[in-house]
Structure formats: structure tokens, C-alpha cells
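Since the structure comes first, as C-alpha cells, the remarks are kept for the end.
The values are calculated or read from the model by the stated rules, or taken from the named source; none is laboratory data. Quick caveat, the model's predicted, so the values are computed rather than measured. Here Cβ is always computed from backbone atoms with ideal geometry, including for glycine, and neighbour counts include all displayed protein chains.
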Amino acid sequence: MWLRTSCEMTFDITVPTPFILMLRLRSGTQQWVAREEYRLKPSVSVFEFTDNYGNLCQRLIAPPGAFSVYTSADIMTADQVDQSPGAPFVEIEYLPDSVLSYLLPSRFCESDRFCQQATEITAGQLLGYDQVKAIEVWLRTTIRYEPGSSDVPVSAVEVNSRQWGVCRDLSHLGIALCRSLSIPARLVVGYLYGLEPMDLHAWFEAYIAGRWYTFDATQAELTGGYVAIGYGRDAADVAIYNQFGPPVYPITQDIRVQLIEEKYD
């Protein structure tokens with residue numbers, strides 16, 4: 001399917017403020033970027049770099065006063081999410097080097113704290129995809145999904161204790177449970193067509209049978225329309241913006257995802 005995504009944020013800047021943004025999409029095996037637009041107002045110098053996870057990042061200094069960021073893109077993405085029940089677990093010695101970091105505990109995914117719980121959740125499942133699917137189902141039926149309830153990332157341990165969270169929080173817990181079983185898992189931040197209420201979205205991927213598979217405990221069923229902006233170990237790696245200095249928060253934020261198949265068919 002063809003989608004048009006857009007994100008517009010406005011800030012009120014009091015002093016010159018360094019930003020690192022992560023708002024440019026990249027083409028890959030699951031999506032193709034046909035058009036993109038990136039506007040800053042006022043226009044400032046930008047330096048772009050690729051981080052350790054392959055994400056496209058932009059460095060800039062926002063001047064005092066009103067400052068806005070607008071991005072838009074036309075993307076071809078999958079109509080359906082690939083699923084593969086029974087896909088096998090990959091032994092550690094056969095994992096690609098680039099995947100190994102997704103086995104380790106990280107700031108918001110304390111996987112060394114969940115081995116027993118993950119083993120209980122996945123009891124009787126085939127090693128690999130079926131284990132992660134059992135984790136996804138457990139999250140959906142156990143942890144209460146409350147969109148918009150928190151702007152501050154919390155760790156998997158905290159989510160498990162309080163039993164509710166936003167999409168990012170459920171993903172953190174899913175990642176920690178997977179890693180505790182030696183299944184590499186990573187956080188993805190992006191857009192989802194048809195998400196209600198519309199906002200940026202987070203889900204997780206697990207490395208099984210030689211590739212990454214998508215899992216999302218916030219949705220009743222997996223459908224197409226996922227568009228990835230960034231990948232990382234947890235939310236610390238995939239913030240769409242980081243600013244340095246006095247705290248700055250968006251005055252407004254407008255996220256849109258539209259179906260545009262008629263334009264490209």
C-alpha cells in the first residue's frame with residue numbers, strides 16, 4: 001500500500017538550543033520512500049549523520065523564538081505483516097554480529113530480570129517465533145494499553161509492576177522478555193495507518209529464522225501499514241528529537257497518515 005505520512009512540531013525556544021532529530025525515513029526491505037519533504041522554520045544549518053543503528057539523524061541549533069519542524073513522505077509499505085508460526089530460534093553462535101547487541105539488557109529493557117517469567121509465559125511453545133507470539137498475546141491480555149497516558153519512558157520492570165502503559169512501554173516489556181530467552185529484540189518507532197488515536201507509534205521486532213519479525217501487543221491483530229522511522233535497543237536510542245539545555249517541549253504536534261493508493265496505482 002502507498003501511504004503519505006506527515007509530522008509537524010512547533011516549539012517556543014528561549015535560548016539557542018541544540019537539537020538532534022530523527023524524522024527522516026529510510027528505504028529498506030519493508031518500505032520504499034518515493035518522496036519526502038523536510039522543512040524547518042526559520043531555516044537553519046543542518047548536519048545529517050547515520051547513527052549506530054542505521055537511523056538518519058539531523059543536528060541543528062534552533063534559534064530563540066517560534067521554531068517548527070515539518071516532514072512528509074510518500075512510502076510504499078507492506079499490505080500485510082509477515083507472520084511465520086513455527087519459525088525456529090537461531091542459536092547464538094549463528095547470529096550476525098550486528099544482531100548481538102539486541103540480546104543484552106539496556107536502559108529500559110532489563111532482560112536479566114525476566115528469565116523465570118518469560119519461561120513461564122512461553123511454556124510448551126516451540127523455540128523461536130511461537131515463543132514471541134506467546135509473549136505478544138500475554139502482553140495484550142495482561143498489560144493495559146492506555147494511549148496518551150505517559151510522555152516519559154519507563155522501564156520494563158516498572159511496566160510489569162504497574163500493569164499498564166503506552167505502546168512504547170508494552171514494547172519495552174516485550175523486548176525484555178524476548179531477550180531473557182536469548183531471542184534478539186529491538187524497538188521500532190514510526191507510524192501506523194489507522195492507529196486510533198493517531199500519533200507516533202512504537203512496536204517491537206524479534207530476530208527469528210534469520211530475519212526480523214514485527215510484533216505489536218497494542219493491536220487486536222497485525223495488519224499492514226507500519227512505517228518505520230527508527231530502530232534501537234529501547235526508547236533511549238529512537239527519540240524523534242533530543243534537545244540539550246533548558247527543557248523544551250512541543251507546543252503543538254500533528255501526526256497524519258493517509259492512504260494514497262489512487263495516486264500510484
Ser111 touching a residue at least 24 places away in the same chain (Cβ under 8 Å), touching a Pro at 6+ places or on another chain (Cβ under 6 Å) and polar (S, T, N, Q): yes
Among residues of the range 127-150, those that are in contact (Cβ under 8 Å) with a residue 24 or more places away in the chain and not in a helix (DSSP H, G or I), counted: 6
Exclusive hit being under 10 Å from the mean Cα position of the chain (by Cα) and either in a loop (DSSP other than H, G, I, E, B) or at pLDDT below 95 (or both), set Ala217, Ala202, Ala228, Ala239: Ala239
How many residues of the range 45-65 are surrounded by 13 or more Cβ atoms within 10 Å (Cβ to Cβ) and of a type outside the set (Asp, Glu)? The answer is 11
Between Gly86, Gly54, Gly124, which is assigned by TED's automatic domain parsing to the domain that holds Ser161, in a loop (DSSP other than H, G, I, E, B), on the phi > 0 side of the Ramachandran plot and not hydrophobic (A, V, I, L, M, F, W, C)? Gly124
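Yes or no, residue by residue, for (1) touching a helix residue (DSSP H, G or I) at 6+ places or on another chain (Cβ under 8 Å); (2) farther than 26 Å from Tyr249 by Cβ:
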| residue | (1), (2) |
| --- | --- |
| Pro64 | no, no |
| Val81 | no, yes |
| Glu91 | no, yes |
| Tyr94 | no, yes |
| Pro105 | yes, yes |
| Cys115 | yes, yes |
| Ala123 | no, yes |
Condition check for Ser101: assigned by TED's automatic domain parsing to the domain that holds Gly165, among the polar types (S, T, N, Q) and either modelled with pLDDT of 95 or more or over 15 Å from Arg186 (Cα atoms) (or both): yes
